[in-house]
Number of protein chains: 2
Amino acid sequence: MDLKITVFQQLVSIITSAHQLHYEMTKDMPMQGLTPLQYEIMEFLSVEQPITLSQISECKGISMPNTSREIKKLTELGLCEKIEDATDRRKQHIRLSAQGEARMAEAFAFMRSRFMDRIEGVADDELSEVSRSIERLQATIFRTTS
Amino acid sequence: MDLKITVFQQLVSIITSAHQLHYEMTKDMPMQGLTPLQYEIMEFLSVEQPITLSQISECKGISMPNTSREIKKLTELGLCEKIEDATDRRKQHIRLSAQGEARMAEAFAFMRSRFMDRIEGVADDELSEVSRSIERLQATIFRTTS
DNA sequence: TTATTTAATTATCATTTGATAACAACATAT
DNA sequence: ATATGTTGTTATCAAATGATAATTAAATAA
């Protein structure tokens with residue numbers, strides 16, 4: 001069969017697995033007043049930061065009014081903050097506040113603990129292989145086509 | 001730094017990338033009357049099939065009443081069907097109907113097309129590397145710990 | 001200058017999804 | 001036989017999210 005088709009099918013399967021693993025790592029995690037969407041935005045912010053409202057809207061597929069609403073709530077909760085753009089006064093750069101960073105550090109610690117249980121028996125040389133494999137995927141198919 | 005910590009951080013990044021890529025492949029895809037959750041269940045069914053209602057509920061983190069409601073809607077739309085269990089008459093095994101399979105084949109064709117555009121310039125030997133990398137991940141960290 | 005575009009906000013309503021209680025049918029343990 | 005647990009259903013309400021219109025302010029194009 002065509003190699004590209006094979007890789008596509010493998011990609012679908014790994015996307016499914018990644019989704020499933022994320023679900024298992026975050027299941028029963030205390031949300032401390034955040035709705036699922038708000039938490040999702042927080043996770044996104046901890047990876048892409050700082051970022052404007054329009055970019056969040058575009059990347060996550062949330063309309064501008066709804067993005068504005070959720071960021072407002074997160075800001076009111078003290079979890080993120082708005083920074084004015086130096087050259088364009090319309091733009092707002094959003095980043096996690098110190099409290100928001102702490103909150104996400106907790107979340108990732110929770111996930112990490114779940115992950116550690118999962119890979120308990122895996123040998124170091126196998127893990128090195130895994131590490132190289134992930135690097136390879138990030139450098140090719142997951143690379144952002146700008 | 002500890003290898004396991006490194007792999008965890010890489011894992012978080014690949015989960016994010018996978019989520020992002022899935023979003024880009026399905027963005028603007030015609031949903032033909034399916035809600036996001038219903039489509040998500042359809043994707044799940046096309047991977048795990050047949051499966052009981054309780055298993056869908058457990059795996060996807062949807063309560064039984066809500067799972068029942070959504071499966072009922074999908075069944076009414078002719079996209080999936082219920083099969084009685086031979087030994088336990090309470091159980092319902094759910095699978096995609098022929099129409100449901102056709103619908104998902106369309107969905108995957110849509111995604112595949114997007115994916116092909118994305119990897120247009122990637123050489124075959126690089127793709128083979130990607131393929132091996134995915135296999136390695138599926139065999140290790142994404143393997144289901146039963 | 002004036003028009004047009006872009007970034008963000010507020011308000012509002014519809015839809016989707018989540019949560020809970022009450023129930024029915026069947027299986028299994030005591 | 002009776003109790004208890006499991007699987008799934010229906011109904012209902014609450015919460016979260018999506019969608020749209022109207023608005024403000026600032027940048028940019030004409």
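Tell me which residues, restricted to region B:24-34, are within 15 Å of DNA strand C (Cβ to nearest atom) and surrounded by fewer than 13 Cβ atoms within 10 Å (Cβ to Cβ).
B:30, B:31, B:32, B:33
Counting only residues that are more than 10 Å from DNA strand C (Cβ to nearest atom) and in contact with a Cys (Cβ under 9 Å, 6 or more places away or on another chain), which one in region A:74-98 is farthest from the other protein chains (Cβ to nearest Cβ)?
Out of the qualifying residues, it is A:97.
Looking at B:25, B:31, B:42 in this structure, which one is outside any helix (DSSP H, G or I) and over 28 Å from residue A:116 (Cβ atoms)?
B:31
I need every pair where a residue in region B:32-51 that is more than 19 Å from residue A:21 (Cα to Cα) has its Cβ under 6 Å from the Cβ of a residue that is acidic (Asp, Glu) and at pLDDT 95 or above, sequence separation at least 6 or different chains.
Correct list of pairs: B:38/B:70.
For residue A:110, state whether it is in a helix (DSSP H, G or I) and under 13 Å from the mean Cα position of the chain (by Cα).
Spelling it out, it is not the case that residue A:110 is in a helix (DSSP H, G or I) and under 13 Å from the mean Cα position of the chain (by Cα).
Test of understanding: among B:115, B:142, which residue is buried (at least 16 other Cβ atoms within 10 Å of the Cβ), within 14 Å of chain A (Cβ to nearest Cβ) and in contact (Cβ under 8 Å) with a residue 40 or more places away in the chain?
None of the other options fit; the residue is B:115.
Please verify whether residue B:5 is of a type outside the set (Phe, Trp, Tyr) and buried (at least 17 other Cβ atoms within 10 Å of the Cβ), treating the condition exactly as stated.
So residue B:5 does not fit the description; no.
Would you call residue B:81 within 28 Å of residue A:9 (Cα to Cα) and assigned to a helix (DSSP H, G or I)?
no
Out of the residues in region A:35-52 that are surrounded by 15 or more Cβ atoms within 10 Å (Cβ to Cβ) and in contact with a Leu (Cβ under 8 Å, 6 or more places away or on another chain), which is farthest from the other protein chains (Cβ to nearest Cβ)?
A:38
Considering only region A:8-22, state which residues are crowded, with 18+ Cβ neighbours inside 10 Å and under 22 Å from residue B:120 (Cβ atoms).
A:8, A:10, A:11, A:12, A:14, A:15 - these are the residues of region A:8-22 that are crowded, with 18+ Cβ neighbours inside 10 Å and under 22 Å from residue B:120 (Cβ atoms).
Scanning for something at pLDDT 95 or above, among the small types (Gly, Ala, Ser) and touching a Phe, Trp or Tyr at 6+ places or on another chain (Cβ under 9 Å), does region B:17-26 turn up at least one residue?
yes
Going through region A:55-78 one residue at a time, which ones are free of Cβ contacts under 8 Å to residues at least 40 places away in the same chain, in a loop (DSSP other than H, G, I, E, B) and within 15 Å of DNA strand D (Cβ to nearest atom)?
Matches in region A:55-78: A:61, A:62, A:63.
With respect to residue A:55, determine if the residue is in contact with a Leu (Cβ under 6 Å, 6 or more places away or on another chain) and within 10 Å of DNA strand C (Cβ to nearest atom).
For residue A:55, the condition - in contact with a Leu (Cβ under 6 Å, 6 or more places away or on another chain) and within 10 Å of DNA strand C (Cβ to nearest atom) - is not met.
Given the structure, is residue A:90 of a type in the set (Lys, Arg), assigned to a loop (DSSP other than H, G, I, E, B) and either within 9 Å of DNA strand D (Cβ to nearest atom) or farther than 17 Å from residue A:30 by Cβ (or both)?
Answer is yes for this residue.
Do the conditions hold for residue B:1, that is, is it at pLDDT below 95 and more than 7 Å from chain A (Cβ to nearest Cβ)?
yes
Looking only at region B:113-145, count how many residues are assigned to a loop (DSSP other than H, G, I, E, B) and of a type in the set (Ser, Thr, Tyr).
Of the residues in that region, 3 qualify.
Give the residue that is farthest from the chain's Cα centre (by Cα), with candidates limited to residues of region A:118-138 that are more than 9 Å from chain B (Cβ to nearest Cβ) and acidic (Asp, Glu).
The residue in question is A:125.
Residues to consider are B:120, B:84; find the one that is without any contact (Cβ under 8 Å) to a residue 60 or more places away in the chain and away from DNA strand D (no atom under 14 Å from the Cβ).
Residue meeting the stated conditions: B:120.
The values are calculated or read from the model by the stated rules, or taken from the named source; none is laboratory data. Worth saying up front: this structure is predicted, and the values here are computed from it rather than measured. With ideal geometry, Cβ positions are generated from the backbone for all residues, glycine too; neighbour counts draw on all protein chains shown.
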